[in-house]
Amino acid sequence: MKRRHTMPFGAEIGLDETTRFRLWAPACDRVAVVLGADRDLPMSKLADGWFEATARGAPAGTRYRFRVDAALEVPDPASRWNPDDVHGASCVVDPEAHDWPDGGWTGRPWEEAVIYELHVGAFTAHGTYAGAIERLDYLADLGVTALELMPIADFPGRRNWGYDGALLFAPDATYGTPDELKRFVAAAHARGLMVLLDVVYNHFGPEGNYLHAYAPQFFASGRATPWGAAINFDGAGARTVREFFVHNALYWLEEFHFDGLRIDAVHAIADTSDPDIVAEIAQAVRRGPGRSRHVHVVLENDRNETRYLARDQARRPALASAQWNDDVHHALHVLATGERDGYYADYAERPLWCLGRALAEGFVYQGERSEYRGAARGQPSAHLPAPAFVDFLQTHDQVGNRAFGERIGALADPAALAAALACVLLAPSVPLLFMGEEFGASTPFLFFCDFGADLAAAVTRGRREEFKRFARFRDPAARERIPDPNDAATFERSRLRWGELDDEPHRRWHARYRELLALRREHLVSRLAGMAAGGSFTAADSVLQIEWTLGDRSRLRLAANLGPAASPPIRLPVGTPIYSSAAIASGPRASLAPWSVLVTREAFDG
């Protein structure tokens, strides 16, 4: 099977052995495409800032650049591959040269998702797509059903989290060729695993992006994000900019057969259009690849808006399938570790109540004032079904944005962590694991990058200054101990050590995750579709009780003692026990052991 997403820009190989090159350069009078080392081809100036040329003798593998205004040579912003990094020449790719073996794959329903977030470079010793294939059987056996790759769009240097992408259509060459990425996706599909891709549509990386030189209309005048210039989605020239990003989303889904996208930090996208760019992308996905297979859009949105998460009359997602739910993480983190710094302060006064509201209703802040932010936050979410939210104990953000990249296993008591884990994996929301958490990986996940010398020094200084507001880092000497993001050793420390799986306590943690995911698969997954809304909860002393109505109208109930002492006697949830982390006395009332969880299900009797 062949797959291609045809684009109105970049290099497109035709059926007549020609290659068409097209660039939007509205700030330029002249543009030429430079083929190989010494072949210049002037491009015709078209309407609305477009330039185009058609070349013979430029087959797949041809290196090319664009020369703008007879001066600067730049890579193609729609390059399908830049084998020599973001400053190098682009490479013509024929997507139909790859034969796909997964023609029968139509994806999986969202309710079946158990997501495993991974960084390709740090996931294995090889740090490649080919290396990651070697772990797919392990992940399928664990109970994972969806992989989520941290961003792979071409970034500067040899290592990066991926959120500094400069060429958004080019898979970074550090991890392998485009064909090797396609083989990875197909290999995952062969094992029943969906593959989601994290994409960044709120800014470009600070190094390797040349759009300012020939298409400044890509950027919004007077707007900025914490990471760079804001993208112009609603000003002059915005239609072309919007098409660039809509095509990018469809390109990954169609040409690389990804099963969905996680759109990073949509709260940092400024767009007053109706529909805005997030809604337009989601609509394009639903009307395009989503017509014939399961394709999912997942959001990160610190504003906790519910408008993107609406369901249609058949209770299917109208736009996005789900949103990452930081509120569950923050409440559980406070309960398990006692930390109250920074944004955890918003959850510190009533962490158990916050957890109950987040697991039952979605967001903790549904319009109430956040003291940490100094403003109201969020929108009402109790009307949404639990699978509209992705819950987790760890992510790249929550681990990597700590000064020393500590995982929660290094911060919390094991009993507290085990209870928190059961609450996440046996709730009806979609769970996400961060690579290595399933075996209690001892390795940190640090912030790492590989910028040019001047930018590298600025990033290192900035990284250390970020922590100045925390008491433990007010001393400059303490901040100097924060790992240098540009040091290769920082990246190497973040690689998983798979040999730990053979040792305790890592083997025990792996067995616990595998057991809980098997219980989820047996008792929950087939009953999640068609859930109408969230649940109800009570929180008293250290005991949290939640009840959800599942899609088959059965009742799922969770009782958890999330404290270090036995609870007072409570009324136990009725129904058939699915999971109990400790022995429970018979009868309608009993005391829950410290850090214990009981989950039951009661069938609908009509």
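Below 12 Å, Cα to Cα, which aspartates and glutamates can residue 468 reach? Residues fewer than 8 away in the same chain don't count. Correct list for residue 468: 480.
Could you please report the charge total around residue 605, scoring K, R as +1 and D, E as -1 over all other residues with beta-carbon less than 14 angstrom from its beta-carbon?
Cβ neighbours under 14 Å give a net charge of +1.
Among residues other than residue 417 whose Cβ falls under 14 Å from its Cβ, what is the net charge (Lys/Arg +1, Asp/Glu -1)? Before the final figure, lay out the partial values.
On the way: positive: 407, 508, 512; negative: 339, 406, 413, 437, 438.
Net charge in that neighbourhood comes out at -2.
Based solely on its DSSP helices, what 222 nm [θ] is calculated for the chain when runs of n ≥ 4 H residues each add -39,500 (n - 2.57) and the sum is averaged over all residues, nearest 500 deg cm²/dmol? Numbers along the way, then the final one.
Details: 16 runs with 149 residues, N = 606.
It comes out at -7000 deg cm²/dmol, rounded to the nearest 500.
Relative to the longest principal axis of the Cα atoms of the chain, helix 351-361 runs at roughly 70 degrees. With θ taken as phi - 60° and the Karplus curve 6.51 cos²θ - 1.76 cosθ + 1.60 applied, the whole-hertz 3J(HN,Hα) list for the stretch 289-304 is x, x, 6, 10, 7, 6, 10, 10, 10, 10, 10, 9, 8, 5, 6, 6 Hz, x standing for glycine and proline.
For the stretch 161-270, what is the relative contact order in percent, using Cα pairs closer than 8 Å and at least 6 residues apart in sequence? Spell out each step's value before the answer.
Working: 127 pairs, mean separation 37.8, N = 110.
Once divided by the residue count of the stretch 161-270, the mean separation gives 34 percent.
Using C-alpha pairs under 8 Å with a sequence gap of at least 6, the mean separation divided by the residue count of the stretch 10-97 gives a relative contact order of 28 percent. The antiparallel fraction among DSSP beta bridges confined to the chain stands at about 70%. Against the main long axis of the alpha-carbon atoms of the chain, helix 178-190 sits at an angle near 30°.
Which value results for Rg/Rh of the chain when Rg is the Cα radius of gyration and Rh the Kirkwood radius based on the inverse mean 1/r?
0.98
Taken along the Cα-to-beta-carbon direction at a fixed 7 Å, the label points for residue 348 and residue 287 span 4.9 nm. For residue 231, nonlocal amide neighbours, meaning residues 5 or more places apart or on other chains whose placed amide H falls under 5 Å from its own, are 220, 270. In this rough spin-label picture, where each label sits 7 Å from Cα along the Cβ direction, the residue 60-residue 406 distance is 5.0 nm.
Please give the peptides 402-409, 507-514, 179-186 ranked by average Cβ packing (other Cβ atoms within 10 Å per residue), highest first, as a rough proxy for protection.
On the way: 402-409: 19.1, 507-514: 16.6, 179-186: 20.8.
Sorting 402-409, 507-514, 179-186 by mean packing, highest first, produces 179-186, 402-409, 507-514.
Normalising the average separation of contacting C-alpha pairs (under 8 angstrom, six or more residues apart) by the number of residues puts the relative contact order of the chain at 11 percent. Computed from Cα positions, the angle between helix 414-425 and the longest principal axis of the chain comes to roughly 70 degrees. Stretching the chain fully between residue 15 and residue 379 yields a gain of 125.9 nm (0.36 nm per residue, less the alpha carbon separation).
Taken together, the values in this text are just the output of simple stated rules run on the coordinates, not laboratory data. Owing to the predicted nature of the structure, the values given are computational and were not obtained by experimental measurement. Note: ideal-geometry Cβ built from the backbone for every residue, glycine included; neighbour counts use all protein chains shown.
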